[in-house]
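**Student:** One structure coming up, written as structure tokens, with questions to follow.
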Amino acid sequence: MNQEKTLLAKLKTYLIFAGPTTFAFLTVIILPFLYGIYLTFTDWNGISATHSFVGFQNYLQAFKDKVFWTSFLLTLKYVFFTVILINVIAFFLAYMLTSGVKGQNFFRAGFFTPNLIGGILLGFIWQFIFSNILVYLGKSYDIPILSGSWLSDPDKAFWALVIVTVWQYTGYMMVIYISGFMNIPRDLLEAASIDGANFYQRLKNVILPLMAPSFTISVFLTLQRGFMVYDINLALTNGGPYKSTELISLHIYNTAFLSQQYGIGQAEAFFLFFVVAAVTLLQVYFSKKLEVEN
Amino acid sequence: MEKNNRLLNGIKFFALSIFLVLYIFPFFIVLINSFKERKEILENPLKLPSVLNLSNYIDAFTKMNYMHAFLNSLIITAFSVFLITLLSSMTAYIFVRKKWKFNQFMFFFMVASMIIPFQGIMIPLVKIYGSIGMMNSKWALIYMYVGFGASLAVFMYHGFIKSIPLELEEAATIDGCSQLQTFFKIVFPLLKPVTTTIAILDILWIWNDFLLPYLVLMAPEQRTLPLSVFYFYGTYTIEYGPAMAALMLATIPVIIVYLLMQKQIIEGVLKGSIK
């Protein structure tokens, strides 16, 4: 390979190979990020050409806003339930689908299907299910819990969101767990069986430790997607009824683009960024530690 | 033991089948109701359609300007994925083969930036690109996708290129190839497995993406498929039949591709997640 001697030659090679990527990366990610920090200290309303400095006003306002905290706590609750449910169900599906059941590949492909379709479409599909199909079933068979639409009840609408999210992502995480299971050496499990380990002991002492890397990835992805959810929230409930299911991303969008409080919206977005970064980094750090110990 | 196993597998098969039917049920509901009239849907949304009436489809197809939206989605996805794979592979190549301080710094910088969520920068992004008149254009959107997609793609190519031995490239250089020729004739073809993985992940992402095009593409004639379904559904919520047909129309192309490339797609997701 050619060796560049002068700085100019190096610059030329860099610009030819990495120039466009570097430029796009800096202008699409880094520049808005830095400009975003600046925006949080201004009172820009999206229209006026000028804006003035307001110091930490936006952060203070965001943190004093009760609606923001309600939305944030609701998001935490949503993340908690979706992460657990998705991973538990995906893990058991993967376990079943690596045990030599007939039609394994067909099942895998089937459970993966929702991941091919965007959240907006999935949200609309389930909106129809919740407000028509389930209500119809409830009325025809006198099932009280289904007689009214879940989407018009604040508490049930939250669970509708959880159900749809679990339905959407289980297949994706299942694929990750399947690859984990396929990496467990067969003879190790057989050796454990011969030594008299029952199912629970095999699960605890052989399967779970060897599956640790899959858990790291899968929990990371579900955490991140949970905090960032927008499409399903918009299409299924649009934050309703009465803003009771407005998760944090939707809240930020509404603050910035509907209420035109761009500075406050951006302050909230940064808060979300720090929370997600902290949570996911901690999670990866601790799961990596678990992996090593095993 | 043998007999027990067969019984157990039978039970598993049965349980999985029921679960899968429940899983696929929502799509089935959309399908059957897409052929019905409003009255028929309200009477019993679970009943099979009495006749295969395509009028909902024709209605949805024309009102959501389907062909236009489909082409927009196709152009945006194709160009973005093409540019992401081409530009990122070149970048990763130079990052691996030239161990300059600056390259190492840029690589680290790009990987670290992957922690920034889209929601963290969407507001300033709209402000910046709005103020220089780059909104409402597919090409601006494609440019943004290159920026958003570059980090992960560079990271994945980087890991793969590290494992390619230098000898081939040295031979090519001795034969008089320039660096660009060496890259395109020798290295790029070797990257095919990663390129496939990245392309699959990015196609799934960009084809289905909603929030970024929602922010950037305002004019109706620029809408992508998810956007046109969103606006159509918003306008015709009470018209269940056409709304269901719109959902079907947007889903069908993806399902066809999935049926043809199912193995590659699942493998792509698998390889892409183990980074």
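The values are calculated or read from the model by the stated rules, or taken from the named source; none is laboratory data. Just so it is clear, the structure is predicted and the values come from calculations on it, not from any experiment. FYI the Cβ positions are ideal-geometry reconstructions off the backbone, even for glycines, and counts take in every protein chain you see. Heavy atoms of the whole protein, side chains included, go into the accessibility calculation; ligands, DNA and RNA do not. Shrake-Rupley method; radii C 1.70, N 1.55, O 1.52, S 1.80 Å.
**Student:** Test of understanding: among A:S259, A:S249, which residue is within 13 Å of another protein chain (Cβ to nearest Cβ) and at pLDDT below 90?
**Tutor:** Result of the check over A:S259, A:S249: A:S259.
**Student:** More than 10 Å from every other protein chain (Cβ to nearest Cβ), crowded, with 20+ Cβ neighbours inside 10 Å and over 30 Å from A:I264 (Cβ atoms): which single residue out of A:N58, A:N87 fits that description?
**Tutor:** From the options A:N58, A:N87, the qualifying one is A:N87.
**Student:** So, in segment A:2-15, how many residues would count as being within 7 Å of another protein chain (Cβ to nearest Cβ) and not basic (K, R)?
**Tutor:** Summing the residues that are within 7 Å of another protein chain (Cβ to nearest Cβ) and not basic (K, R) in segment A:2-15 gives 3.
**Student:** So which pairs qualify, if the first residue must be in segment B:131-147 and on the phi > 0 side of the Ramachandran plot, the second must be assigned to a helix (DSSP H, G or I), the Cβ gap must be under 8 Å, and the two must be at least 6 apart or on different chains?
**Tutor:** B:N136/B:V216; B:N136/B:Q222
**Student:** Could I ask something else about it? Can we say A:Y136 is within 12 Å of chain B (Cβ to nearest Cβ) and farther than 21 Å from B:Y240 by Cβ?
**Tutor:** It is false that A:Y136 is within 12 Å of chain B (Cβ to nearest Cβ) and farther than 21 Å from B:Y240 by Cβ.
**Student:** Let me ask something else about it. Can you pull out every residue in segment A:1-45 that is buried (at least 18 other Cβ atoms within 10 Å of the Cβ) and of a type in the set (G, A, S)?
**Tutor:** Within segment A:1-45, A:A18, A:A24, A:G36 qualify.
**Student:** Here's a follow-up. Take A:I125 and tell me if it is open to solvent by less than 10 Å² (accessible area, probe 1.4 Å), modelled with pLDDT of 90 or more, touching a Ser or Thr at 6+ places or on another chain (Cβ under 9 Å) and within 25 Å of A:A90 (Cα to Cα). Break it down stepwise before answering.
**Tutor:** Numbers: open to solvent by less than 10 Å² (accessible area, probe 1.4 Å): yes; modelled with pLDDT of 90 or more: yes; touching a Ser or Thr at 6+ places or on another chain (Cβ under 9 Å): yes; within 25 Å of A:A90 (Cα to Cα): yes.
So A:I125 fits the description; yes.
**Student:** Please work out if A:K243 is charged (D, E, K, R), within 20 Å of A:A62 (Cα to Cα) and either touching a strand residue (DSSP E or B) at 6+ places or on another chain (Cβ under 8 Å) or in contact (Cβ under 8 Å) with a residue 12 or more places away in the chain (or both). Show your work before the answer.
**Tutor:** On the way: charged (D, E, K, R): yes; within 20 Å of A:A62 (Cα to Cα): yes; either touching a strand residue (DSSP E or B) at 6+ places or on another chain (Cβ under 8 Å) or in contact (Cβ under 8 Å) with a residue 12 or more places away in the chain (or both): yes.
Yes: the conditions hold for A:K243.
**Student:** Follow-up question, since we're still on this one. Which of the residues that make up segment B:140-185 are over 16 Å from B:F95 (Cβ atoms), in contact with a helix residue (DSSP H, G or I) (Cβ under 8 Å, 6 or more places away or on another chain) and open to solvent by 70 Å² or more (accessible area, probe 1.4 Å)?
**Tutor:** Passing the criteria: B:L168, B:Q181, B:K185.
**Student:** Please specify each residue of segment B:56-84 satisfying the condition of being small (G, A, S) and touching a residue at least 12 places away in the same chain (Cβ under 8 Å).
**Tutor:** Hits for segment B:56-84 are B:A60, B:A69, B:S73, B:S80.
**Student:** Open to solvent by less than 30 Å² (accessible area, probe 1.4 Å) and closer than 15 Å to A:L74 by Cβ: does that describe A:N233?
**Tutor:** So A:N233 passes the test.
**Student:** Any residue in segment B:173-199 that is in contact (Cβ under 8 Å) with a residue 24 or more places away in the chain sitting within a Cβ distance under 8 Å of a residue that is assigned to a helix (DSSP H, G or I) and among the acidic types (D, E)? List the pairs, counting only those 6 or more apart or interchain.
**Tutor:** What qualifies is B:V187/B:E169; B:T197/B:E267.
**Student:** Within segment A:150-196, can you find the residues that are without any contact (Cβ under 8 Å) to a residue 40 or more places away in the chain, among the small types (G, A, S) and open to solvent by less than 30 Å² (accessible area, probe 1.4 Å)?
**Tutor:** Residues satisfying the conditions are A:S179, A:A192.
**Student:** While we're looking at this one, here's another question. From the list B:N136, B:N103, exactly one residue is within 13 Å of another protein chain (Cβ to nearest Cβ), surrounded by 14 or more Cβ atoms within 10 Å (Cβ to Cβ), over 30 Å from A:V275 (Cβ atoms) and in contact with a helix residue (DSSP H, G or I) (Cβ under 9 Å, 6 or more places away or on another chain). Which is it?
**Tutor:** Answer to the selection: B:N103.
**Student:** Please work out if B:L247 is within 9 Å of another protein chain (Cβ to nearest Cβ), aliphatic (A, V, I, L, M) and more than 30 Å from B:K36 (Cα to Cα).
**Tutor:** When the stated conditions are applied, B:L247 does not pass them.
**Student:** Which of the residues that make up segment B:170-228 are of a type in the set (D, E) and under 30 Å from A:A235 (Cβ atoms)?
**Tutor:** B:D202, B:D209, B:E221
**Student:** Kindly establish whether B:L16 is open to solvent by 60 Å² or more (accessible area, probe 1.4 Å), touching a Phe, Trp or Tyr at 6+ places or on another chain (Cβ under 7 Å) and more than 17 Å from A:S131 (Cα to Cα).
**Tutor:** Values: open to solvent by 60 Å² or more (accessible area, probe 1.4 Å): no; touching a Phe, Trp or Tyr at 6+ places or on another chain (Cβ under 7 Å): yes; more than 17 Å from A:S131 (Cα to Cα): yes.
Spelling it out, it is not the case that B:L16 is open to solvent by 60 Å² or more (accessible area, probe 1.4 Å), touching a Phe, Trp or Tyr at 6+ places or on another chain (Cβ under 7 Å) and more than 17 Å from A:S131 (Cα to Cα).
**Student:** Within 14 Å of chain B (Cβ to nearest Cβ), over 19 Å from A:L97 (Cα atoms) and either of a type in the set (D, E, K, R) or assigned to a helix (DSSP H, G or I) (or both) - does that describe any residue in segment A:184-202?
**Tutor:** yes
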